[in-house]
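A short worksheet on the structure shown next.
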Amino acid sequence: MDSSITITPRFSVKMLEQALRLYTPSLSEKPLAEFLADKCDDLGFENIRIDDVGNLIATKGSGSPKILLCGHMDTVPGKIKVRNDNGHIYGRGASDAKAPLMAMLLAAASAHNDNGTVVFAAVVDEEGNATGIKSLVKQKLDIDYAIFGEPSSIRNITIAYKGRIAINLKINVGDSAHASAPWLAKNAIEESYVFTSAIKQALEGDQNGKAKSMMLTAVITEIKGGTSHNVTAVECDAIMDIRIPVDMNCKMVGEKIATTVQEVAKKQGVNAFYSVLDETEPFEAPHNSPLVRALTLGILDVEKSRPQLIRKTGTGDMNIIGNSLNIPVVTYGPGDPHASHTVDERVSTDEYLRSIEVFKQMLYHLKRLHVNQKDSGK
């Protein structure tokens, strides 16, 4: 079909409702990928394909700038009846993140082909192990900018996410004792507490006055140890989740963890080993990049107010692509992040429709700003 198809508000709402009716928990996204492939064909996209892991990728337009608009198809488990009620659209994924995904698709579909190239990607498994985005990065896409569709609310642009290190700390004290004579052996569970407290102190100390988004945090998220109710523990495993602000990196933090574990093991006289389960570098987009400026102007056009640039304390797909490709990346989309994953997940219909306009205006401004930046020799 010709790409000049009229995308009316009614059509846009219907598209989101159809997407929400497809139940797509992580790694069960195929029905939505096929639905989107079909719609991309109707809306004038080209090179439409579903890759090996189940991501849908399609392109629109040609030339520079080349921008990736990427959202995820999967949701957390739990069905919610799709309904349009009292100015809101309800359904699992309404906020996280089918409204941002559909807003990007419809904006790209209605953008002029001379505004550059839009690569639209709907990825799998964001709520799981990020299989989709990791596969997309390996495909070495030729792009200048990227936006991830996540609910930020319409007047916020997420420019930064923290990095993350998850570690498994294994303590072995070599022997156990009867609980009635605890002095006969060290207790791995109690020793584990000494280690985790020391790590937390080493990482979190001296941060008075810092904003939460700029704080290094370390928390114990899982602990396993002991074999019986009346025997002291020989072994204990503790998992710690450490979030790294944008002015630090994984190497710095990793060295601090290694030194602390070494010092405490020596002092306590116990064996301690730790392994890294996950490592993601923090990421922040340059504030004055054409991407941030174009999206800011798009929001000003539609909302008549200047957006806030925010740093989030979580870790997202943006980190993976921003650090791999070394390009400006932001996260943006309609929806209240606090409504995500809830039992009455919803998005404001009005905000969803306005966000389509924001994305359209952003594409228009980005073309101009990208050309200006090249002309000024930056």
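Within the range 116-124, is there a residue that is in the same structural domain as residue 370 (by TED's automatic domain parsing) and surrounded by fewer than 22 Cβ atoms within 10 Å (Cβ to Cβ)?
The answer is yes; a qualifying residue exists.
Could you count how many residues in the range 330-346 are charged (D, E, K, R) and within 14 Å of the chain's Cα centre (by Cα)?
Adding up the residues that qualify gives 0.
Under the condition of being closer than 21 Å to residue 272 by Cβ and without any contact (Cβ under 8 Å) to a residue 24 or more places away in the chain, which residue from the range 201-217 is surrounded by the fewest Cβ atoms within 10 Å (Cβ to Cβ)?
In this case the residue turns out to be 205.
Residue 312: among the charged types (D, E, K, R) and in contact with a Lys or Arg (Cβ under 8 Å, 6 or more places away or on another chain), yes or no? Outline the logic, then answer.
Details: among the charged types (D, E, K, R): yes; in contact with a Lys or Arg (Cβ under 8 Å, 6 or more places away or on another chain): yes.
Yes.
Being of a type outside the set (D, E, K, R), over 26 Å from the mean Cα position of the chain (by Cα), under 16 Å from residue 277 (Cβ atoms) and assigned by TED's automatic domain parsing to the domain that holds residue 264: is that true of residue 196 here?
In short, yes.
Give me the residue from the range 85-110 that is surrounded by fewer than 22 Cβ atoms within 10 Å (Cβ to Cβ) and touching a residue at least 24 places away in the same chain (Cβ under 8 Å) and, out of that set, nearest to residue 42 (Cα to Cα).
Top of the filtered list is 110.
Tally up the residues in the range 76-113 that are touching a Gly at 6+ places or on another chain (Cβ under 9 Å) and in a helix (DSSP H, G or I), please.
Residues flagged as touching a Gly at 6+ places or on another chain (Cβ under 9 Å) and in a helix (DSSP H, G or I) within the range 76-113 amount to 15.
Regarding the range 45-61, can at least one residue be identified that is surrounded by fewer than 24 Cβ atoms within 10 Å (Cβ to Cβ) and more than 30 Å from residue 328 (Cα to Cα)?
Scanning the range 45-61 turns up no residue that is surrounded by fewer than 24 Cβ atoms within 10 Å (Cβ to Cβ) and more than 30 Å from residue 328 (Cα to Cα).
From the list 343, 276, 302, exactly one residue is surrounded by 15 or more Cβ atoms within 10 Å (Cβ to Cβ) and either over 27 Å from residue 200 (Cβ atoms) or in contact (Cβ under 8 Å) with a residue 12 or more places away in the chain (or both). Which is it?
On the way: 343 fails: surrounded by 15 or more Cβ atoms within 10 Å (Cβ to Cβ); 276 fails: surrounded by 15 or more Cβ atoms within 10 Å (Cβ to Cβ).
Testing whether each residue is surrounded by 15 or more Cβ atoms within 10 Å (Cβ to Cβ) and either over 27 Å from residue 200 (Cβ atoms) or in contact (Cβ under 8 Å) with a residue 12 or more places away in the chain (or both) leaves just 302.
For residue 134, state whether it is assigned by TED's automatic domain parsing to the domain that holds residue 303, at positive phi, surrounded by fewer than 21 Cβ atoms within 10 Å (Cβ to Cβ) and not aromatic (Phe, Trp, Tyr). Steps first, answer last, please.
Values: assigned by TED's automatic domain parsing to the domain that holds residue 303: yes; at positive phi: no; surrounded by fewer than 21 Cβ atoms within 10 Å (Cβ to Cβ): yes; not aromatic (Phe, Trp, Tyr): yes.
No, not satisfied.
So which residues in the range 5-55 are assigned to a loop (DSSP other than H, G, I, E, B), free of Cβ contacts under 8 Å to residues at least 40 places away in the same chain and over 23 Å from the mean Cα position of the chain (by Cα)?
Within the range 5-55, 6, 8 qualify.
Select from the range 173-191 the residues that are buried (at least 21 other Cβ atoms within 10 Å of the Cβ) and of a type outside the set (D, E, K, R) and list them in ascending order.
Within the range 173-191, 173, 187, 188 meet the criteria.
Within the range 314-363, take every residue that is farther than 18 Å from residue 293 by Cα and hydroxyl-bearing (Ser, Thr, Tyr) and give me the one that is modelled with the lowest pLDDT.
315
Can you pull out the residues in the range 282-332 that are among the small types (Gly, Ala, Ser) and touching an Asp or Glu at 6+ places or on another chain (Cβ under 9 Å)?
Answer for the range 282-332, where residues must be among the small types (Gly, Ala, Ser) and touching an Asp or Glu at 6+ places or on another chain (Cβ under 9 Å): 298, 316, 322.
The values are calculated or read from the model by the stated rules, or taken from the named source; none is laboratory data. All values derive from a computational prediction rather than experimental measurement. Glycine also receives a Cβ, built like all others from the backbone with ideal geometry; neighbour counts cover every protein chain displayed.
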